[in-house]
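**Student:** Dropping the structure in here first, questions after.
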Amino acid sequence: VLEYPGFGGQPLTITASPAVAPGTYRIPFTFSADGGPTKVAELVLAVRSPGTLSAAVEKPSVDVCPGGAGAVNSVLLTPLDGYEGTPSLVFLGVPAGVTITPPSAPLPPLPPAQTVSFGISASSSAAAGSHEVAVRVVEGGRTITVATFVVNVVADGFSASVSPGTVTLDAGGPGVPVTATVAALDCGASPTSV
């Protein structure tokens, strides 16, 4: 119940909790004056699902040499369930000595789907090893989705990978082809920008 003298407007803020089902709601506002007539005004409120995004990292594993040339990776963001918005990428779990450029990336409005590229490099002090990095997609303080990839800081001159990185097999069913690759790395190269 709002009370205010005379005529005029009263600003209100209406929010919908995440538990509210999408749909159309009619909200009556009843106005009355002391001893006078009662009037009803109706607000039609459309609640929609905020939708979601799928995030697919192009390369599930990326190799970089300490102090050497960087690598490039990308993530494809696809709007789902009516998602519309302007999210940002935030990288979590980046190990010491590894730099992702840019460290966070604002995106243009979605839809349509967007591919966002980013660079990965390792300083000469980066420790060798494999590290999982999370690509978190956020908007307005809400995490929409998370994808991951592995950064391999390689100092021994070669890299090894298996593609695809994940397979599903049916017991007793047909096999699934995978490719195991060993590639030479020039870890003595001068650092370059990505």
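The values are calculated or read from the model by the stated rules, or taken from the named source; none is laboratory data. Note that the structure is predicted; figures quoted are calculated from it, not measured. Reconstructed Cβ throughout: ideal geometry from the backbone, glycine too, with neighbour counts over all protein chains shown. All accessible areas refer to the heavy atoms of the entire protein, side chains included, with ligands and DNA or RNA removed. Shrake-Rupley method; radii C 1.70, N 1.55, O 1.52, S 1.80 Å.
**Student:** Would you mind finding the one in L45, L53 that is outside any loop (DSSP other than H, G, I, E, B), open to solvent by less than 90 Å² (accessible area, probe 1.4 Å), in contact with a Pro (Cβ under 7 Å, 6 or more places away or on another chain) and over 30 Å from A127 (Cα atoms)?
**Tutor:** Details: L45 fails: in contact with a Pro (Cβ under 7 Å, 6 or more places away or on another chain).
Among L45, L53, only L53 is outside any loop (DSSP other than H, G, I, E, B), open to solvent by less than 90 Å² (accessible area, probe 1.4 Å), in contact with a Pro (Cβ under 7 Å, 6 or more places away or on another chain) and over 30 Å from A127 (Cα atoms).
**Student:** Now, a different point. Within the set of pairs 6 or more residues apart or between chains, which connect a residue that is touching a residue at least 40 places away in the same chain (Cβ under 8 Å) and under 15 Å from A128 (Cα atoms) inside region 81-99 to a residue that is outside any loop (DSSP other than H, G, I, E, B) and open to solvent by 20 Å² or more (accessible area, probe 1.4 Å) with Cβ atoms less than 6 Å apart?
**Tutor:** The qualifying pairs are P95/H131.
**Student:** Name the residue that is nearest to V47 (Cα to Cα), counting only residues in region 97-109 that are modelled with pLDDT of 95 or more and among the aliphatic types (A, V, I, L, M).
**Tutor:** Applying the filter and picking the extreme gives I100.
**Student:** Also: Output yes when any residue across region 40-52 is among the basic types (K, R) and at pLDDT 80 or above, and no when none is.
**Tutor:** Let us first name the residues in region 40-52 that are among the basic types (K, R), namely 48.
Right, trim to at pLDDT 80 or above and you get none.
Within region 40-52 (the criterion being among the basic types (K, R) and at pLDDT 80 or above), the answer is no, since none of the residues qualifies.
**Student:** In this structure, does S161 turn out to be among the hydroxyl-bearing types (S, T, Y), modelled with pLDDT of 90 or more, closer than 21 Å to P60 by Cα and part of a strand (DSSP E or B)? Talk me through it step by step, then tell me what you get.
**Tutor:** Values: among the hydroxyl-bearing types (S, T, Y): yes; modelled with pLDDT of 90 or more: no; closer than 21 Å to P60 by Cα: yes; part of a strand (DSSP E or B): yes.
Judged against the criteria, S161 is not a match.
**Student:** Also: Which of the residues belonging to region 129-159 are open to solvent by 70 Å² or more (accessible area, probe 1.4 Å) and farther than 29 Å from T86 by Cα?
**Tutor:** First, pick out the residues of region 129-159 that are open to solvent by 70 Å² or more (accessible area, probe 1.4 Å): 130, 132, 136, 140-142, 146, 156, 158.
Passing the criteria: S130, D156, F158.
A quick yes/no check of all residues on (1) open to solvent by less than 60 Å² (accessible area, probe 1.4 Å); (2) of a type in the set (A, V, I, L, M); (3) free of Cβ contacts under 8 Å to residues at least 40 places away in the same chain; (4) part of a loop (DSSP other than H, G, I, E, B):
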| residue | (1), (2), (3), (4) |
| --- | --- |
| S17 | no, no, yes, yes |
| P28 | no, no, yes, no |
| G36 | yes, no, yes, yes |
| S49 | yes, no, yes, yes |
| P79 | yes, no, yes, no |
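**Student:** Say whether the condition of being modelled with pLDDT under 95 and closer than 30 Å to I14 by Cα is met by at least one residue in region 117-126.
**Tutor:** No: region 117-126 contains no residue that is modelled with pLDDT under 95 and closer than 30 Å to I14 by Cα.
**Student:** Just to be sure I understand the filter: pairs with C-beta atoms under 9 Å, separated by 6 or more residues or on different chains, first member in region 158-177 and under 24 Å from S130 (Cβ atoms), second member of a type in the set (S, T, N, Q) and open to solvent by 100 Å² or more (accessible area, probe 1.4 Å). Which pairs pass?
**Tutor:** Pairs found: V176/T168.
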